[in-house]
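Below is one structure; the comments refer to it alone.
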């Protein structure tokens, strides 16, 4: 699908955090004319964001609470927002959690939680959204991985996070093959150091300097850097790109 209808919508997961990639992506998409369905474990936050987007840009914006690690809850939330949205052509899979615990200290509960949110959660959302895209004639799926998946960590989070985000890349490639016949492209974005709470909170100037020392650009990334890439990969113009992982990482990893 290389030409989108004027009335189309995208679902954004993990949109509740005030300093997060999901919120920045929702603003980008609404500003570009998309209607948006917002999912987050914090239902109050995404419903407030939906009202904010309606006021700022017009169009349809709805929010629903969902713990993406729970398949039934995801199904209910997707049904809730799609009931009010124009045809769904886009999915920005952003919801995720970090894990800074050293491998030898990780217990089973933490391992399961990180994998269920970061990998299983993306599967649960995609599985519920794709039938809507097929009905609409095609679409775009973009999921957030991480440079940690490619480098084996080395930023903030450690092994379970890196494993889950590597799984996102594998899921992206496999789905690109399976969903291509339905005119659906599937890509991933691998952010590097981005100033969000998933990095353990607001970055101090000292920590920014430490992170920047490994980069080819002279700053740590922002949520808007990632949201801009999201916006492109969800757009009409990206129709010949699928199965790819776009690094938005200041040159931290080159492959």
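Enter the angle in degrees (range 0 to 90, nearest 10) between the Cα long axis of helix 159-179 and the first principal axis of the Cα atoms of the chain, meaning the one along which they spread out most.
Roughly 30 degrees, rounded to the nearest 10.
Sort 172-178, 32-38 by the packing proxy (mean of other Cβ within 10 Å over each peptide's residues), most packed first.
Packing proxy ranking, top to bottom: 32-38, 172-178.
Can you tell me the 0 to 90 degree angle between the C-alpha axis of helix 21-31 and the longest principal axis of the chain, rounded to 10?
For helix 21-31, the angle is close to 30 degrees.
Just want the ordering: 21, 169, 134, from fewest to most Cβ atoms lying within 10 Å of their own Cβ.
Ascending number of Cβ neighbours within 10 Å: 134, 169, 21.
What is the Cα centroid distance between region 176-255 and region 84-128, reported in whole angstrom?
17
Using helices alone, what [θ] at 222 nm do you get for the chain, with -39,500 (n - 2.57) per DSSP H run of 4 or more residues, divided over all residues and rounded to the nearest 500?
Result for the chain, helices only: -13000 deg cm²/dmol.
For the chain, find the longest principal axis of its Cα atoms and tell me its angle to the long axis of helix 121-136, 0 to 90°, nearest 10.
Helix 121-136 and the main axis of the chain meet at about 30 degrees.
Taking P(r) over Cα pairs in 10 Å bins from 0, in percent straight from the coordinates, which label in [x] 6, 28, 31, 23, 10, 2, 0; [y] 7, 29, 36, 21, 6, 1; [z] 8, 33, 38, 18, 3, 0 is the correct one?
Of the labelled values, this structure produces [z].
At a 10 angstrom cut-off on C-beta neighbours, averaged per residue, how do the peptides 139-146, 228-235, 55-62 rank from highest to lowest?
Answer by packing, highest mean first, reads 139-146, 228-235, 55-62.
Would you mind ranking 158, 208 so that the residue whose beta carbon has the fewest other beta carbons within 10 Å leads the list?
The fewest-first ordering by Cβ neighbours comes to 208, 158.
Rule-based calculations on the coordinates, nothing more; no lab input. Computed from a predicted model, the values in this text were never measured in an experiment. Note that each Cβ is placed from the backbone with ideal geometry, even for glycine, and that neighbours are counted across all protein chains shown.
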